[in-house]
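First comes the structure, then the notes that go with it.
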Amino acid sequence: MPPIERDAVHYAPLPGKTLRQLIKQDQGTESLRRHFGQFVAKLHAHGVYFRSLHLGNVVLTPDNQLGLIDIADLRCQSRPLSRQQRIRNFQHMLRYDNDRQWLFSEPLNPDDFFGQYLTQSQLQMELAAFVRKVDKKG
């Protein structure tokens, strides 16, 4: 939009509810947390760096698929994200306290969000070491 020196994105709404909405309605299940971990791993494997990746920008569609909204600052590269890019992307996501609380389970286990992420991404890192790297507050 040259007259106001701004970029705009226009898109049709993705049907469904955001993960934040589902969590607020007590529908943020363990299964959904695992599904989200696998989804983020696939994004990163396909070279998707989404600075605004947080639970308010991920939608669970009626056919149980996850999708992204508000993608104006999404970047794609031709190779998987580096380990440092992945860590930085998680650090952006963990800025939101409510998101952080939902993503972390105590104690950490391979079936939670981060465990599923590591399994799907095939990063050769121990779970606790990975979480220490992404969790600046922890």
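Every number here is computed from the coordinates shown, using simple stated rules; none is lab data. Remember, it's a predicted structure, so these values are computed and weren't measured experimentally. Positions of Cβ are backbone-derived with ideal geometry, glycine not excepted, and every protein chain shown enters the neighbour counts.
Tabulated results
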{"item": "Filter result for A45 (small (G, A, S), within 19 Å of L123 (Cβ to Cβ) and over 10 Å from the mean Cα position of the chain (by Cα))", "result": "yes"}
{"item": "Test result for V131, assigned to a helix (DSSP H, G or I) and either touching a residue at least 24 places away in the same chain (Cβ under 8 Å) or more than 30 Å from A8 (Cβ to Cβ) (or both)", "result": "yes"}
{"item": "Scan of segment 115-130 for residues that are crowded, with 20+ Cβ neighbours inside 10 Å and closer than 17 Å to L32 by Cβ, ordered by number", "result": "Q116, Y117"}
{"item": "Residue list for segment 1-54, restricted to those being closer than 17 Å to W102 by Cβ and of a type in the set (A, V, I, L, M, F, W, C)", "result": "L19, L22, I23, L32, F36, F39, V40, L53"}
{"item": "Any chance R51 is under 24 Å from P107 (Cβ atoms), in contact with an Asp or Glu (Cβ under 7 Å, 6 or more places away or on another chain) and of a type outside the set (V, I, T)", "result": "no"}
